[in-house]
Each structure stands twice: as structure tokens, then as C-alpha cells.
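Report on the following structure.
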Amino acid sequence: MSESLSKEFMLHAIDLAKKGEGRTNPNPLVGAVIVKNGKIIGEGWHHAYGELHAERDALKNCYQRGENPEGATIYVTLEPCCHFGKQPPCTHALVEAKIASVIVGSRDPNPLVHGKGNAYLRENGISVEEDFLRDECDKLNPIFFYYITTKTPFVALKYAMTLDGKIATKTGESKWITNEKSRQFVHVLRNRYAGILAGINTVLKDDPMLNCRLQNENGEMTGRNPVRIICDSDLRIPLESKIVQTAREIPTIVACVKPDVASESQAKQTFLEKKESLDNAGIEVIEVAGEKRRGLLAMAKKMRQDNPKLQVNLKELMKILGEKKIDSVLIEGGGAVNYSALESKIVNKIYAFVAPKIFGGSAKSPVAGEGVNLPSESFGFTLENITRFDDDILMEFDSL
């Protein structure tokens with residue numbers, strides 16, 4: 001078969017894989033195409049977590065078409081699994097179907113699969129070609145690759161700013177900086193990530209829903225709501241806020257700082273009562289170790305505070321979220337949360353929307369905190385992609 005035709009089949013498998021976006025977490029996006037005598041006789045993708053994997057979905061489609069996969073070639077974007085999970089091994093299905101050859105795009109970094117899936121196929125007489133259009137296939141799963149190797153979520157930071165780097169006017173108004181197309185793409189991102197994180201100040205100021213309002217051409221809601229995660233050190237979130245009022249419909253976590261065992265009994269009692277109220281509203285409250293950051297210390301010094309309040313340790317929070325199989329988090333917070341995330345070194349990607357407007361003055365910027373002293377101490381990223389939404393620009397950066 002010609003290389004150009006093979007590329008066409010694998011690119012089609014990549015397009016199929018993308019159909020599972022927002023549904024497969026913490027599993028990867030995978031697409032598969034079965035070809036016999038130069039013709040596609042079956043195709044499939046991993047539709048959602050717990051459902052058929054791409055290879056088995058493609059075989060099912062093949063049989064539904066009345067086709068026989070014996071002697072066929074399957075193009076699959078990720079190395080076929082060889083272990084029992086929510087679904088049985090795909091390698092077994094390919095052997096049972098008497099597939100002749102497998103063309104693989106990405107290698108699976110999961111220790112349960114890495115190299116073993118392809119080895120099992122070869123041991124059972126199936127020809128395997130690895131790394132076919134690997135770069136293109138790898139781009140499907142940066143979230144899965146990071147999560148499966150670190151056991152912590154892939155974290156992206158999203159913000160919108162003006163040409164002069166402002167996220168609000170001097171009066172605090174921020175609606176709207178970007179245009180409708182840019183705002184619609186934000187819901188594409190919310191559908192893509194398993195969790196969305198904001199700080200308590202964002203909740204107190206804007207009373208947001210933090211849900212996904214992705215629609216198709218017919219106006220039907222097609223997105224999946226991410227788990228909402230609110231960093232709220234002292235449990236200040238109002239019970240009447242939209243976040244709390246909709247917690248039974250949309251999974252919600254509030255991360256707070258563990259109370260000091262030496263704190264006064266009245267403060268403890270108030271904390272326990274608020275926690276119970278949030279529990280009753282359907283919110284999962286996570287107690288995380290607190291920490292002091294340079295930005296908080298500098299602020300406390302200006303306000304002549306001897307003991308600045310602690311904030312949620314974001315690194316510890318990410319470990320806890322990873323244990324809950326939340327493989328990715330989109331941060332949509334204010335400058336303080338953004339700085340804390342960068343200082344914690346948990347940010348893997350940045351989505352920076354820039355609108356053709358200038359606010360001027362001393363309005364807030366996307367990242368607050370104390371800031372660095374020297375250019376050499378800056379948080380470094382590399383430009384990955386630029387997309388235009390009419391006059392707005394989205395710049396995507398990956399961590400170095």
C-alpha cells in the first residue's frame with residue numbers, strides 16, 4: 001500500500017479519536033481504522049471512559065458492515081492495550097479477529113502496556129509497524145501522557161487580556177474583553193479538561209457557574225461539565241452562590257486549609273458548621289495543608305500583618321485530585337491564583353487570549369503576586385500555536 005494512502009488512513013483515525021474529547025478521561029483519545037484491499041471496512045474510536053476501546057469499536061463496526069477482518073490491516077493511533085481494565089485487552093481481540101498487521105502511531109507510556117501490547121501481537125504472528133505519524137498521534141494525548149506517568153493532573157492556565165495586558169478596567173469590570181468566538185472556544189476547553197479551578201475571590205466577585213455551555217449547530221448542549229474546584233482557604237464561599245446551589249447537578253470540590261489544631265474553639269466550631277453545610281449541599285470539602293508564599297508575605301508586610309493567612313498548597317491539592325482520577329485541570333482564576341500556580345510549578349500549558357483593546361491605568365494583570373526580581377527568574381514557556389478568532393488572538397504556550 002502506498003505511503004500516501006497509509007497516511008490518509010491514519011489521519012482519519014486521528015480525526016475519529018478527537019470525537020471522544022471530553023468523554024474518555026482519564027483514558028486516552030484513540031481512533032482506529034481497519035483496511036482490507038485498500039478499502040476501509042471498519043472504523044471506531046474510544047467514545048467514553050468505560051466503553052469499548054477504539055480497536056474493539058472498529059471491529060464491531062466491521063462486523064456490522066458484514067465485512068470479514070481476517071487478513072486486514074488496522075491503523076490505530078495508540079499502542080493496543082494488553083491488560084484487563086474497564087475493558088478486556090484489545091490485543092486479544094485483534095488476534096481473535098485474525099488481523100494480519102497493525103500500524104501504530106503513539107507508544108503507550110502506561111507501564112502496564114508500554115511495549116508489551118506490540119510484543120504480544122508479534123508473538124501471535126501479527127506484523128507491527130510502530131511510530132507511524134507518531135508526532136501527529138502524540139498531539140492527541142498530552143493530558144494522558146502526563147497523567148499516566150506522574151499520577152497528577154495536567155494543568156492549563158487560561159486568561160483573557162487586552163493589548164496592554166489588563167484583565168479588567170480600573171473599576172474592576174471585565175465583561176467582555178474578548179469576542180463571542182473566543183468565549184465559545186473557552187467552552188471547548190472546559191469540555192476538554194476534567195476539572196476547572198478558580199479561587200474564592202473569583203466566586204465572591206463574579207458568582208460564576210464554571211460550567212460547560214458547548215452547543216452544536218442546532219443549539220443542543222453537547223459539552224460535559226468539568227468538576228468544579230474552588231480554592232477557599234477559610235471556607236468563605238457563600239451558601240447562596242451559584243456554585244453551591246448547583247453542586248448536586250455539577251460535581252464540585254472546595255479545597256480549604258486544614259484548621260490549626262491550636263486554633264480557638266469558636267473558630268473550629270464555625271469551620272465545622274460551614275463544612276457540614278457544604279456537605280449537605282453536595283459539595284466535597286477537601287482539607288489541604290496550608291502554606292505561606294512570597295506573594296502573601298509581601299502583601300502581609302505592606303498591611304503590617306505579623307501572621308499572614310495560609311493558602312491551599314496547590315501541589316498537594318494536585319496529588320489529591322490525581323488520586324481521584326481527575327487527569328487535567330483548567331485554571332480560570334484571578335491574578336493571585338495564577339501566580340500561585342506558576343510559583344508552585346504545576347502549570348503545563350497556557351492559553352492566553354489577547355483582544356485588540358487598551359484599558360490603560362493601573363488595572364489588574366493576569367498574574368499578580370510579588371513577581372520575580374530578574375528576567376532570568378521568569379517562568380519560561382515556549383510558543384506552541386496561534387489561532388485567530390476574528391480580531392482576537394489565542395496564543396498557546398507549553399512549559400519548557
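The values are calculated or read from the model by the stated rules, or taken from the named source; none is laboratory data. The structure presented is a predicted model; accordingly, all values stated were derived computationally and were not measured. The accessibility values were calculated without ligands, DNA or RNA, using every heavy atom of the protein model including side chains. Shrake-Rupley method; radii C 1.70, N 1.55, O 1.52, S 1.80 Å.
Below are the figures for this structure:
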item: Segment 1-123 - convex hull of alpha carbons, volume per residue in Å³; result: 93
item: 10 Å-binned pair-distance histogram of segment 303-374 (Cα, whole percent); result: 14, 40, 31, 14, 1
item: Dimensionless Rg ratio for the chain, taking C-alpha atoms and the 2.2 N^0.38 Å reference; result: 1.12
item: Area of MET318 that stays accessible when all protein chains are in place (1.4 Å probe, Å², to 10); result: 10
item: Isotropically averaged projected area of segment 208-291, using the convex hull of Cα atoms (one quarter of hull area), nm²; result: 6.3
item: Surface per residue (accessible, 1.4 Å probe) for segment 176-215, Å²; result: 41
item: Accessible surface, 1.4 Å probe, highest first, among residues THR246, THR149; result: THR149, THR246
item: Rh by Kirkwood over Cα pairs, then Stokes-Einstein D for segment 85-233 at 1.002 mPa s and 20 °C, µm²/s; result: 110
item: More than 16 Å apart - percent of Cα-Cα pairs taken over segment 1-70; result: 46
item: Cα-based equivalent ellipsoid, segment 128-172: semi-axes from gyration tensor eigenvalues, Å; result: 38, 15, 5
item: With all protein chains modelled, accessible area of ASP234 [1.4 Å, Å²]; result: 80
item: MRE, 222 nm, helices only [DSSP H, n ≥ 4, -39500 (n - 2.57), over the chain, to nearest 500]; result: -9000 deg cm²/dmol
item: Segment 65-150: radius of gyration over Cα atoms, expressed as a fraction of 2.2 N^0.38 Å; result: 1.09
item: Accessible heavy-atom area order of TYR351, TYR49, TYR63, highest first, probe of 1.4 Å; result: TYR63, TYR49, TYR351
item: Percent carbon-and-sulfur accessible area, the chain, ignoring ligands, DNA and RNA, probe 1.4 Å; result: 49
item: Heavy-atom accessible area per residue - segment 47-117, 1.4 Å, Å²; result: 42
